[in-house]
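Reviewing the structure listed below.
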Amino acid sequence: MKTLLKTRTRLLLLLSVSLLTLYSCKKIKQEEPVLGDTKIRVVNTVVGSTPQDVYQNETKVSTTSVGYGQNTDYLTIQGGKSSTIALKNEGTQTISFSSVASPYANVSYTIFYYTNPNGFGAFAGFIDENLAVPTGKIKVRFMNLGSVLSNNINISVTDGGGPVTSGLAYGYLSAYNTVDPTSSLTVNVIGSTDTKVIPASTFQAGKIYTIWFDAITPTTVNYHVVAQN
């Protein structure tokens, strides 16, 4: 497994992947972890949060703090072994949230900082795909972090172009979708008449995107675009 959470898997214990030691009648030698650089991008989805600095153990790895609706560039951390990833209020040692993680080396992750329905801070981390984008297309995936939404989300190509992702539930990340960059996307909460249109001008051919959603009311969704490359 090379994700901190599997795609389309409910948010569980986040950023807590570890290597397994296998036992039978006698102990089997554990595979040595591969050490090396790992890239992480941190997205702050917590409304009203103080801008956050990113740390691995006691080392600050971010150069600028990340406020609500913002994301860092890719930050280089050490992968292949267990360490603590923490967010601290800008310019202080006050920890907003931290978690022990064992990210794989030589992999890129997007990590969402969010609050769960009970109001507690959490991380959700996913591996970023780096495969070539088909010529003249984009790749885009979607993350539902709208805990107050009354129903799931549908995303479709505007003007009858057909569905892209249907029934995206809270706490789920879609697979990557290949889409024409000249197409706009329509987003709505199932059962709601309110829609949002993500204009085609948002996209550039050859790029990979993650679009995450949050909400203030049960029937109105907001979108945020993160360019991966």
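One line per residue, one yes/no per condition, for (1) in contact with an Asp or Glu (Cβ under 7 Å, 6 or more places away or on another chain); (2) surrounded by 14 or more Cβ atoms within 10 Å (Cβ to Cβ); (3) modelled with pLDDT of 95 or more:
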position: GLY36; (1), (2), (3): no, no, no
position: VAL66; (1), (2), (3): no, yes, yes
position: ALA101; (1), (2), (3): no, yes, no
position: THR110; (1), (2), (3): yes, yes, yes
position: ALA132; (1), (2), (3): no, no, no
position: GLY136; (1), (2), (3): no, no, yes
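Got at least one residue in segment 106-113 being assigned to a strand (DSSP E or B), more than 12 Å from the chain's Cα centre (by Cα) and β-branched (Val, Ile, Thr)? No, the conditions are met nowhere in segment 106-113. When segment 174-206 is filtered for residues that are out of contact with any Gly (no Cβ under 7 Å at 6 or more places or on another chain), assigned to a loop (DSSP other than H, G, I, E, B) and among the hydroxyl-bearing types (Ser, Thr, Tyr), the ones remaining, listed by number, are SER174, TYR176, THR182, SER184, SER192, THR193. Can we say ILE190 is under 22 Å from THR110 (Cα atoms) and either of a type in the set (Val, Ile, Thr) or over 21 Å from the mean Cα position of the chain (by Cα) (or both)? It is false that ILE190 is under 22 Å from THR110 (Cα atoms) and either of a type in the set (Val, Ile, Thr) or over 21 Å from the mean Cα position of the chain (by Cα) (or both). Taken as a whole, segment 120-129 holds no residue that is more than 30 Å from VAL189 (Cβ to Cβ) and not in a loop (DSSP other than H, G, I, E, B). Please find, within segment 153-163, the residue that is farthest from the chain's Cα centre (by Cα) out of those that are farther than 25 Å from TYR114 by Cα and surrounded by 14 or more Cβ atoms within 10 Å (Cβ to Cβ). The residue in question is GLY161. The residue list SER150, SER166, SER82, SER174 contains one member that is in contact (Cβ under 8 Å) with a residue 40 or more places away in the chain, exposed (fewer than 15 other Cβ atoms within 10 Å of the Cβ) and outside the structural domain of THR50 (by TED's automatic domain parsing), which is SER150. A Cβ distance below 7 Å, combined with a sequence gap of six or more or placement on separate chains, defines the contacts here; from segment 46-69, residues that are aromatic (Phe, Trp, Tyr) reach residues that are part of a loop (DSSP other than H, G, I, E, B) in the pairs TYR55/VAL61; TYR68/VAL46; TYR68/VAL47; TYR68/GLY48; TYR68/SER49. Across segment 191-205, which residue is nearest to LYS139 (Cα to Cα) among those that are among the β-branched types (Val, Ile, Thr) and touching a strand residue (DSSP E or B) at 6+ places or on another chain (Cβ under 8 Å)? Among them, the one singled out is THR202.
The values are calculated or read from the model by the stated rules, or taken from the named source; none is laboratory data. Source: prediction; values computed, not measured. Here the Cβ is made from the backbone with ideal geometry for all residues, glycine too, and neighbour counts use every protein chain on show.
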